[in-house]
Amino acid sequence: MSHSEPRYHRALVWFRRDLRIADNPALTRALRESAEILPLFIFDTNILSALPHRDPRVRFLADAVGGLAASLKNAGAQLLILEGDPVEILPGLLRKHRIEALYHARAYSAYGTQRDDAVARICSEQGVDVHSMDDSLLVPPAAMGPRKVFTPFFRAWQQIDKTAPAPAPTRIPGMPVTAKPGAHLIDRHAQRTGLPWQADGWKQLLRTFDPCRYAETRNQPGIAGTSRMSPYLRFGLLSIRQLYRHVISTESPSCHAGTFISELAWRDFWYHIMHHFPETRTFEFQAKRRGLAWRYDAARFAAWQEGKTGYPIVDAGMRQLRQEGWMHGRVRMIVASFLTKDLLMDWRMGERHFADLLLDYDESVNIGNWQWSASVGADPKPLRIFSPILQSQRFDPECTYIKRHVPELRNESPARIHDPLKYRLAYCEPIVDHREMQRRARLMYLNAAGH
């Protein structure tokens, strides 16, 4: 074989959570090694069937797949779009198109790894090479040993070179496909009720986001002080490397983006924790916290879900989640603390509720953050119990955020809104007394630790 001759005649590039052609490691390598490429996306019914009925997030996914199809078409390739169980679809597809190699991004979720293991066995039986490419993280787990605490993790993470993003290919030698391209599947899913997010919205957000001011604005939910990139990273509409490169390109003596970069490292950290300690999908990372006597009260849990706890900052966050499929990061910590330390309910219930509604839901990150907020996870800190009153006063002093999502309070003064235990608010009574529940939470955690 000559140096210029491709390794494979026909390759399949399977898009999943990497819905872009720019800086796509699976596509980039396939182009380097293959003469012809068949791009594929599968609406995975194993995932779709587990979603809540009429889940509006599917419309965002459909729009994103449509954008990917358009990008591929502009480069000369047709995206084959199918629906079903990938393990059932792929054997026949590989044979029909005489595929010699399969390229895809590495999966880290429980379902994704099990699915990919099954697909790898199928490929092995058919003599198809599989190339699983690192894509989701700036530093994959294989690049460094396990760390249980963020600070030493971050120090090691900073020392590892980050791969530069690859440009979008101008031409893709797509295989001729006789099957219907699958536009009808996009159209069918795109008819669902949607969320206030556009699949290409990351471009405008990236232009307006100021990482230099992130350290001072990130905790203020009433302003546009965060990047709001998490949904786009979750579906791979831009890569983590593209975002990282954009941020570091803004740094100068007068602009320090270190706080935002550390947040990208936190995202990697939770993936590493899940990779090295997979039992934390179900169990608390801290063994001493596995005996917590969680309580369950259906009425209180429903009040938390619906944003009717009587604590305005909590209720604003829960209503934003339902309305937008997203919640400000600071407020996520507040509502998680309230569920686990004011209502004394199992963090897994909150994690599952977030999984049902978050557009940016990411198993590793969501579980890691919920365990951290419940004081049962990695990077342990002394028991932290967020006061919804103090958090409200400090981070939404004028109640801009609260009034946006709890309009019943638009005519109330900030002083009254911040302290529902002192002032009676018209919209609902506090379902618990934070001061009393704080005392009970401390006792519950002490008892679990065996003190």
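No value in this document is a laboratory result; all are computed from the given coordinates. For clarity, every value in this text was computed on a predicted model and none was experimentally measured. Cβ sites come from the backbone with ideal geometry, for glycine too, and all protein chains shown count toward neighbours.
Check every one of the helices (runs of 4 or more DSSP H) wholly within region 160-245 and list those with 3 or more residues that are closer than 24 Å to Arg106 by Cα.
Those helices (runs of 4 or more DSSP H) span 230-234.
For region 347-403, give me the residue count where each residue is more than 22 Å from Tyr271 (Cα to Cα), of a type outside the set (Lys, Arg) and part of a loop (DSSP other than H, G, I, E, B). Give the derivation first.
Quick first cut of region 347-403, residues more than 22 Å from Tyr271 (Cα to Cα) only: 382-403.
If we keep only those that are of a type outside the set (Lys, Arg) too, we end up with 382-383, 385-393, 395-402.
Then drop every residue that is not part of a loop (DSSP other than H, G, I, E, B), which leaves 382-383, 385-387, 396-399.
Qualifying residue count, region 347-403: 9.
Counting just the residues of region 220-233 that are touching a residue at least 60 places away in the same chain (Cβ under 8 Å) and in contact with a Ser or Thr (Cβ under 9 Å, 6 or more places away or on another chain), which one comes out surrounded by the most Cβ atoms within 10 Å (Cβ to Cβ)? Spell out how you get there, then give the answer.
Step one: of region 220-233, the residues touching a residue at least 60 places away in the same chain (Cβ under 8 Å) are 220-223, 226, 228, 230-231, 233.
Subsequent filtering for residues that are in contact with a Ser or Thr (Cβ under 9 Å, 6 or more places away or on another chain) retains 220-223, 226, 233.
Details: Gln220: 18, Pro221: 25, Gly222: 17, Ile223: 12, Thr226: 20, Leu233: 22.
Among those residues, the one meeting the criterion is Pro221.
Among (1) part of a loop (DSSP other than H, G, I, E, B); (2) of a type in the set (A, V, I, L, M); (3) buried (at least 18 other Cβ atoms within 10 Å of the Cβ), where does Ala426 come up short?
(3)
For Ile122, state whether it is over 19 Å from Glu363 (Cα atoms), of a type in the set (A, V, I, L, M) and touching a helix residue (DSSP H, G or I) at 6+ places or on another chain (Cβ under 8 Å). First the steps, then the outcome.
Numbers: over 19 Å from Glu363 (Cα atoms): yes; of a type in the set (A, V, I, L, M): yes; touching a helix residue (DSSP H, G or I) at 6+ places or on another chain (Cβ under 8 Å): yes.
So Ile122 passes the test.
Could you give every pair whose Cβ atoms fall below 6 Å, whose first residue belongs to region 274-291 and is touching a residue at least 24 places away in the same chain (Cβ under 8 Å), and whose second residue is aliphatic (A, V, I, L, M) and in a loop (DSSP other than H, G, I, E, B), counting only separations of at least 6 or pairs across chains?
Glu284/Val376; Phe285/Ala378; Gln286/Val376; Lys288/Ala449; Arg289/Val376
Can you confirm whether Leu383 is without any contact (Cβ under 8 Å) to a residue 40 or more places away in the chain and among the aliphatic types (A, V, I, L, M)? Don't jump to the end; show me each part of the working.
Numbers: without any contact (Cβ under 8 Å) to a residue 40 or more places away in the chain: no; among the aliphatic types (A, V, I, L, M): yes.
Spelling it out, it is not the case that Leu383 is without any contact (Cβ under 8 Å) to a residue 40 or more places away in the chain and among the aliphatic types (A, V, I, L, M).
Can you tell me which residue within region 122-146, out of those that are in a loop (DSSP other than H, G, I, E, B) and touching a Lys or Arg at 6+ places or on another chain (Cβ under 9 Å), is farthest from Ile261 (Cα to Cα)? Even if it seems obvious, please write down each step before you answer.
First, pick out the residues of region 122-146 that are in a loop (DSSP other than H, G, I, E, B): 127-128, 134-140, 144-146.
This time we only want the ones that are touching a Lys or Arg at 6+ places or on another chain (Cβ under 9 Å), so: 134-140.
Working: Asp134: 19, Asp135: 17, Ser136: 15, Leu137: 13, Leu138: 11, Val139: 13, Pro140: 16 Å.
Among them, the one singled out is Asp134.
Would you be able to tell me the number of residues in region 68-124 that are touching a Cys at 6+ places or on another chain (Cβ under 8 Å) and without any contact (Cβ under 8 Å) to a residue 24 or more places away in the chain?
Of the residues in region 68-124, 0 are touching a Cys at 6+ places or on another chain (Cβ under 8 Å) and without any contact (Cβ under 8 Å) to a residue 24 or more places away in the chain.
Determine if region 95-103 includes at least one residue that is touching a helix residue (DSSP H, G or I) at 6+ places or on another chain (Cβ under 9 Å) and under 23 Å from Asp356 (Cα atoms).
No, because not a single residue in region 95-103 is touching a helix residue (DSSP H, G or I) at 6+ places or on another chain (Cβ under 9 Å) and under 23 Å from Asp356 (Cα atoms).
Of Ala62, Ala70, which residue is in a helix (DSSP H, G or I) and crowded, with 19+ Cβ neighbours inside 10 Å? Before the answer, list the steps.
Values: Ala70 fails: crowded, with 19+ Cβ neighbours inside 10 Å.
On inspection, the qualifying residue turns out to be Ala62.
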